[in-house]
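Let me begin by presenting the structure, written as structure tokens, before commenting on it.
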Amino acid sequence: MNINEIPSAQVIPLAGGQLYFLPEWLDSASADELYTQLLQVVGWRQDVIKIYGKEHPLPRLQAWYGDSQCSYRYSGMTLSPQPWLPELKGIRNQLQEQTAQRFNAVLVNLYRDGRDSNGWHADNEPELGERPVIASISLGETRRFRLRSVDDKTKTLTLDLPHGSLILMGAGIQEHWQHQITKTARKVGPRINLTYRQVY
């Protein structure tokens, strides 16, 4: 199966690649169950990142799971994979079947409230190879996802990512676009984000 054959898939053309958005990739009951399970079983931690040589606590909690060889480095951190949880492997298998892409690791983020965020960045680390494809699943509170062009920062796209939604950032997106989860002053509950990757 190809993801653009799924009836609910929205194909969003962007310079350099395509973004696929499925607002209801998981039905409500499945998304509720997965969210509740992951809150309890994921080994959450608050890591420290380096920005311009200074260390700062990561403004969210995270955990890294995957095949044993899939270490991952970003922002001065080296993440060693924890063994796959059954819940995360099951979603990985479903993604691979529907997208025809391979994924051997997942970064799990917990945004505890509106103060937790993710600044402008691209998932373009060397161990992800050239033109990586990233699958991102949202569970819990709806949060705002923004993209901007690397070449022209006035070109932007904003999506609200609801509970159970999936975005697939196709080949070329990480090269030509940055993305972020913005802070919000609204009172919002927790959000879990699963970003599946192929590490080489």
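The table below gives the values:
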{"quantity": "Residue pairs meeting the criteria (Cβ under 6 Å; at least 6 apart or on separate chains; first free of Cβ contacts under 8 Å to residues at least 24 places away in the same chain, in the stretch 47-67; second surrounded by 15 or more Cβ atoms within 10 Å (Cβ to Cβ))", "calculated": "56/49; 58/47; 58/49"}
{"quantity": "Unmet criterion (only one of (1) of a type outside the set (Gly, Ala, Ser); (2) assigned to a loop (DSSP other than H, G, I, E, B); (3) free of Cβ contacts under 8 Å to residues at least 60 places away in the same chain) for residue 37", "calculated": "(2)"}
{"quantity": "Which listed residue is among the hydrophobic types (A, V, I, L, M, F, W, C), under 22 Å from residue 43 (Cα atoms) and out of contact with any Cys (no Cβ under 8 Å at 6 or more places or on another chain), from 128, 157, 110, 168", "calculated": "110"}
{"quantity": "Condition check for residue 199: buried (at least 22 other Cβ atoms within 10 Å of the Cβ) and in contact with a helix residue (DSSP H, G or I) (Cβ under 8 Å, 6 or more places away or on another chain)", "calculated": "no"}
{"quantity": "Residue satisfying all of: in the stretch 169-196; over 16 Å from residue 131 (Cβ atoms) and small (Gly, Ala, Ser); least open to solvent (accessible area, probe 1.4 Å) among these", "calculated": "189"}
{"quantity": "Residues of the stretch 38-76 satisfying the condition of being more than 17 Å from the chain's Cα centre (by Cα), under 16 Å from residue 92 (Cβ atoms) and open to solvent by less than 60 Å² (accessible area, probe 1.4 Å)", "calculated": "67"}
{"quantity": "Test: residue 109 is at negative phi and without any contact (Cβ under 8 Å) to a residue 60 or more places away in the chain", "calculated": "no"}
{"quantity": "Selected residue (criterion: farthest from residue 104 (Cα to Cα)) from residues of the stretch 116-168 that are touching a strand residue (DSSP E or B) at 6+ places or on another chain (Cβ under 6 Å), open to solvent by less than 20 Å² (accessible area, probe 1.4 Å) and assigned to a loop (DSSP other than H, G, I, E, B)", "calculated": "117"}
{"quantity": "Residues of the stretch 1-34 satisfying the condition of being at pLDDT below 95, part of a helix (DSSP H, G or I) and open to solvent by less than 70 Å² (accessible area, probe 1.4 Å)", "calculated": "3"}
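The values are calculated or read from the model by the stated rules, or taken from the named source; none is laboratory data. If you're wondering where the values come from, they're calculated on a predicted model, not measured in any experiment. So basically every Cβ, Gly included, is an ideal-geometry build from the backbone, and we count neighbours across all protein chains shown. Accessible surface areas use protein heavy atoms only, side chains included; no ligands, DNA or RNA. Shrake-Rupley method; radii C 1.70, N 1.55, O 1.52, S 1.80 Å.
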